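Step one of this worksheet: look at the structure below.
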Amino acid sequence: MVRMSAEERRESVIRAATTEFARGGYHGTSTEAIAKRVGVSQPYLFRLFPGKKAIFLAVAQRCVDDTIRTFEKAAEGLEGEEALHAMGEAYTKVIAEQPERLMMQMQMYLAVAAAEAEGDSEFGEAVRAGWTRLWDTILLSLGADVEQTTTFMAHGMLINCLVAMGFPRDHRVWEGF
């Protein structure tokens, strides 16, 4: 059996933690559950990451990075409305096929609100930095049109909420799309 490198094991932790955090949130997920899903001990987990917060922030960054890559790939070679529609379709497909991505995004926002209510700004700073990179990616893809970017992001957040609540695609709330 081939042993995994620390980087490969770290990647395994990020994938496993994405599943666990997406389902249970930051406070409802134990490092024990993450370690068990990966098949490592908790002490080994903490050799890869200094703590639960570091794992969550690595997962949050990956979630944003994956979303940025989805948008960049969809918009490649396109501009304006064509880019907007391609990004929207690509994102809708991703969250339908990989619901954990959407669930993790929603957990990121909740974790920020909970942490900041407790006086911890680290989550918020990291998540806002990622969200700003996402915003900038869309802004550039839409030719630096702030109004279009705002509308796109607003529709995206509405889509996130409707999908998270389980509205079927034929429900009347989708008619505006």
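The values are calculated or read from the model by the stated rules, or taken from the named source; none is laboratory data. Bear in mind the structure is a predicted one, so any value in this text is a computation, not a measurement. Cβ placement follows ideal geometry from the backbone for every residue including glycine, while neighbour counts extend to all protein chains displayed. These area figures cover heavy atoms from the full protein model, side chains too; ligands, DNA and RNA do not enter into them. Shrake-Rupley method; radii C 1.70, N 1.55, O 1.52, S 1.80 Å.
Please work out if Gln107 is buried (at least 16 other Cβ atoms within 10 Å of the Cβ), modelled with pLDDT of 95 or more, among the polar types (S, T, N, Q) and assigned to a helix (DSSP H, G or I).
Working: buried (at least 16 other Cβ atoms within 10 Å of the Cβ): yes; modelled with pLDDT of 95 or more: yes; among the polar types (S, T, N, Q): yes; assigned to a helix (DSSP H, G or I): yes.
For Gln107, the condition - buried (at least 16 other Cβ atoms within 10 Å of the Cβ), modelled with pLDDT of 95 or more, among the polar types (S, T, N, Q) and assigned to a helix (DSSP H, G or I) - is met.
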Review point. For the range 116-152, what are the residues that are among the hydrophobic types (A, V, I, L, M, F, W, C), closer than 16 Å to Ala86 by Cβ and free of Cβ contacts under 8 Å to residues at least 40 places away in the same chain?
Key: Leu139, Leu140
Revision key, fill the gap. Here the residues within the range 75-104 that are over 28 Å from Glu147 (Cβ atoms) and in a helix (DSSP H, G or I) are Glu97, Pro99, Glu100, Met103, Met104
Review point. For the subset of the range 81-98 comprising residues that are without any contact (Cβ under 8 Å) to a residue 24 or more places away in the chain and not hydrophobic (A, V, I, L, M, F, W, C), which member is surrounded by the fewest Cβ atoms within 10 Å (Cβ to Cβ)?
Key: Glu97
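Listed residues Ala113, Ala74; which is free of Cβ contacts under 8 Å to residues at least 60 places away in the same chain and touching a helix residue (DSSP H, G or I) at 6+ places or on another chain (Cβ under 6 Å)?
Among Ala113, Ala74, only Ala74 is free of Cβ contacts under 8 Å to residues at least 60 places away in the same chain and touching a helix residue (DSSP H, G or I) at 6+ places or on another chain (Cβ under 6 Å).
Anything in the range 111-129 that is over 21 Å from Thr18 (Cβ atoms) and either of a type in the set (Val, Ile, Thr) or open to solvent by less than 50 Å² (accessible area, probe 1.4 Å) (or both)? List them, or say none.
Initial filter on the range 111-129 (over 21 Å from Thr18 (Cβ atoms)): 116-121.
Across the range 111-129, the qualifying residue is only Asp120.
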Practice item. For the range 130-177, enumerate the residues that are in contact with a His (Cβ under 9 Å, 6 or more places away or on another chain) and either open to solvent by less than 60 Å² (accessible area, probe 1.4 Å) or not in a loop (DSSP other than H, G, I, E, B) (or both). Key: Leu162
